[in-house]
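Read the structure below first, then the notes.
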Amino acid sequence: MGMKPGQKTAKIARKEQRQEELREKLKGAHYLSQIDKCVKEVENANYDVSTSELAARKFVVDTNFRRLAKVLPDLKAIEVAGPDGGAINLVQTVARVIVDPVQPDSEPTVDDTANTDS
């Protein structure tokens, strides 16, 4: 049973996907190294960096940040879930700590009674 022209096996599709992911990862690493190089050159300059030089380096860094944003996944919203994808149980405890003003270094007293009549 032969394959039709233009058909891909799952193995070939996975290989192409891995290759594309690696290309994107390498692009991201390259952009980061360019940003790092520009920053270090300005930090290590043995002379006063001119305004035009600084503007040029800023342009390179900004451009690489925009390129990096296209390569990396958007991490603005991250979903957090509990065990098995369920809800997360949060427990909050409020304790009143009483410190003796005469002897502030003494062991404080913890009042953990639930008195709501303040």
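Computed from the coordinates by the stated procedures, all read-outs in this text should not be read as laboratory data. These figures come from a predicted structure and were not determined experimentally. Backbone-built Cβ (ideal geometry, glycine too); neighbour counts: all protein chains shown.
Numerical summary
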{"quantity": "Inter-probe distance in nm under a simple model that places probes 7 Å from Cα toward Cβ, at VAL91 and GLU20", "calculated": "4.7"}
{"quantity": "Derived scalar couplings ³J(HN,Hα) [the stretch 58-65; Karplus, 6.51 cos²θ - 1.76 cosθ + 1.60; whole Hz; x for Gly, Pro]", "calculated": "5, 4, 4, 5, 4, 4, 5, 5"}
